[in-house]
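Read through the structure below, which is laid out as structure tokens, and then see the notes.
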Amino acid sequence: MSAPPRAFLPLLGLFGVAVSLGAGHVCARVAFTHGVGVLTAATVRSLLAAALLLVLLRLRRTPVLPLPREFKGTLLLGLLIAGQTVMIQVAVALLPVTIALLVFYTYPFFTGLASILLGSERFSWRLAATLLAAFLGLALVLGVSLQPVNPLGVAAALGASVAFTAAVVLTQRLAPNLGAPLRTFFMLATAAAIFVATAAVTADVGLPPGGAGVFGLAGLAVFYAAGIIGLFLLLPLLGPVQTTVVLNLEPVVVAALAWAALGEVLTATQILGAIVVVGAVMLFQLTGKR
């Protein structure tokens, strides 16, 4: 058999990113159920991600110091990632999780719109139809129902969506001359520094009391680190729009893993929604420019 086309490899890696981030959400559910605090989870996962990237840079013999001229741009990216983390947790605290996630997953729409306005992507009905189909499929997967919601929670989820959109769209614009590994390291190190400083001030970080909590925290940190590093390393190769379209698979992965690992039952409607999401993403890839 011949090797897969070179352009296919980053796409395959992005599918891996969706799986890794989805597995991280399932581990987070275990961790939070067994006494892990949100600040603890955010601090540990950010530190691990930054540490792994530092190891990668050392192996590649890429110097971190002296700081490059474009370092300031990566500080803003780190602030956006930290802000997105905090706001999605606020949204989950104030809203049903399914509502919070669905509002957050408006970020592919915002990414497409921002890319079109910035001139890096041209509008197409193919993209619009894909995003709409994927969003409707996610609504079925998440089992969202119409009910009164907390407007502050909706605002927090939208804020998280906008922050993540900004990080994805601006990554190459704020530090275009930095290599992806170094740029991603500075970004994640900034987010980690913010959480470490917050933890030091509040003294609200500690290991969970039981083994299940430790296992969940470790899984969350490892899967998040792998996913977020892979995401921002692959982003320059695939572009913001294609990246966020594929990341629509993440909630589908969460539902499937929660069914397999936690015994959560999937309804026929959820399975239908998953098929719609996967079909929309695959069709978008197969009908793209070759």
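Taken together, the values in this text are just the output of simple stated rules run on the coordinates, not laboratory data. Values in this document were obtained by computation on a predicted structure and should not be read as measured data. Virtual Cβ from ideal backbone geometry, glycine too; neighbours counted across all protein chains shown.
For the chain, averaging the sequence separation of C-alpha pairs within contact (under 8 Å, six or more residues apart) and dividing by the residue count gives a relative contact order of 43 percent.
Only helices enter this figure: runs of n ≥ 4 DSSP H residues, each worth -39500 (n - 2.57), summed and divided by the residues of the chain, yield -26500 deg cm²/dmol at 222 nm to the nearest 500. Within the listed set S115, S20, S124, the Gaussian network model of the chain (springs between alpha-carbon atoms below 10 Å) gives the highest mean-square fluctuation for S124. For the chain, hydrophobic long helices are taken as DSSP H runs at least 20 Å long by C-alpha position along their axis with mean Kyte-Doolittle hydropathy of 0.0 or more; these are 8-33, 38-59, 71-94, 125-142, 151-174, 180-202, 211-238, 268-286. A Förster radius of 41 Å combined with the Cβ-Cβ distance from L266 to L56 puts the calculated FRET efficiency at roughly 0.65.
Two numbers describe the Cα atoms of region 7-111: Rg and Dmax, which are 16.5, 46 Å.
Using a Gaussian network for the chain with springs between C-alpha atoms less than 10 Å apart, which of these wobbles most: V90, V214, V64? In this elastic network of the chain, the residue with the biggest mean-square fluctuation among V90, V214, V64 is V64.
For q values of 0.11, 0.17 Å⁻¹, compute log₁₀ I(q)/I(0) with the Debye formula on a Cα-only model of the chain, without solvent. The Debye formula, applied to the Cα set alone, gives -0.65, -1.62. In the elastic network of the chain, a GNM with C-alpha springs shorter than 10 Å, the most mobile of V149, V222, V44 is V149. Working from the Cα coordinates of region 210-269, the gyration tensor eigenvalues give, after taking √(5λ), semi-axes of 26, 20, 5 Å in decreasing order. Look at E250, E70 and count the other Cβ atoms within 10 Å of each Cβ; fewest to most, that gives E70, E250. Normalised Debye scattering of region 155-290 at q = 0.09, 0.12, 0.15 Å⁻¹ gives log10 I(q)/I(0) of -0.39, -0.70, -1.05, counting only Cα atoms as equal scatterers and leaving out solvent. In percent, what relative contact order does region 89-248 have, based on Cα pairs under 8 Å that are 6 or more apart in sequence? Worked out over region 89-248, it gives 39 percent. Counting neighbouring beta carbons within 10 Å and listing from fewest to most, the residues H34, H25 come out as H34, H25. What is the distance in Å between the Cα centres of region 144-188 and region 127-142? Cα centroid to Cα centroid, the span is 19 Å. Computed from the Kirkwood radius of its Cα pairs, the Stokes-Einstein diffusion coefficient for region 91-193 at 10 °C and 1.306 mPa s stands at 103 µm²/s. Counting neighbouring beta carbons within 10 Å and listing from fewest to most, the residues T287, T40 come out as T287, T40.
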